[in-house]
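Okay, so here's the structure we're looking at.
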Amino acid sequence: KIDVLYGTIGNRLESLYLQWFTGAEADESALSRAKMVEIGMNIFRKKPWIGFGHNAFKLGSGYETYSHNNYVELLCSLGILGAALYYIPMIGFTLKAFRMWRNGVPGAIFPLAILLIQFITDFGQVSYYGFHNNIFLGVAVGYLYLLKDNLKKGLYDDVIIQKGTRRKNSRKKTG
């Protein structure tokens, strides 16, 4: 355990995991977050397509704070349309990273891990307006484009696994 990381994120994720998958009794923080999700979903249902605008949860929940859940925050503030605009590109980048990783592209696990971690941590934080989260997402997406460019240049031809066989280098060597 790394005490700083466990104290800020690890214990929350552990509590959520235990509550969801084992039925264990949740701590006070998890219970409060579950109530916030319930209230947020009630707000969302009143105006599901376009939401109520920025800070809708804070203004309409009685908590006077954000929802501690990016999915709920987006649905309350921007509705289904706004949440889709935010998450559809992330889903596309995640699928692209997964395909690259599955096909053996060196380094593809890096953006895949960042994107998957973002999807998981969004259950316990609001990230869509967070500077650091968007920097990480930008790095992941930029790295995907770098990998894609390197693929086009044939830099990985000798290491990429395509449909169970190693792809031979298609570039002709000139002497």
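Numbers below:
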{"read-out": "Local electrostatic count at K148 - Lys and Arg +1, Asp and Glu -1, tallied over other residues with Cβ under 13 Å", "value": "+3"}
{"read-out": "For I91, solvent-accessible area (1.4 Å; no DNA, RNA or ligand), Å²", "value": "80"}
{"read-out": "Highest average packing first - 67-74, 56-63, Cβ atoms within 10 Å", "value": "67-74, 56-63"}
{"read-out": "Sum of side-chain charges, F57 neighbourhood, beta-carbon under 15 Å (Lys, Arg +1; Asp, Glu -1)", "value": "+2"}
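The values are calculated or read from the model by the stated rules, or taken from the named source; none is laboratory data. Treat the numbers as computed from the prediction; the structure is a model and nothing was measured. Quick reminder, even Gly has a Cβ in these numbers, built from the backbone with ideal geometry, and neighbours come from all protein chains shown. Heavy atoms of the whole protein, side chains included, go into the accessibility calculation; ligands, DNA and RNA do not. Shrake-Rupley method; radii C 1.70, N 1.55, O 1.52, S 1.80 Å.
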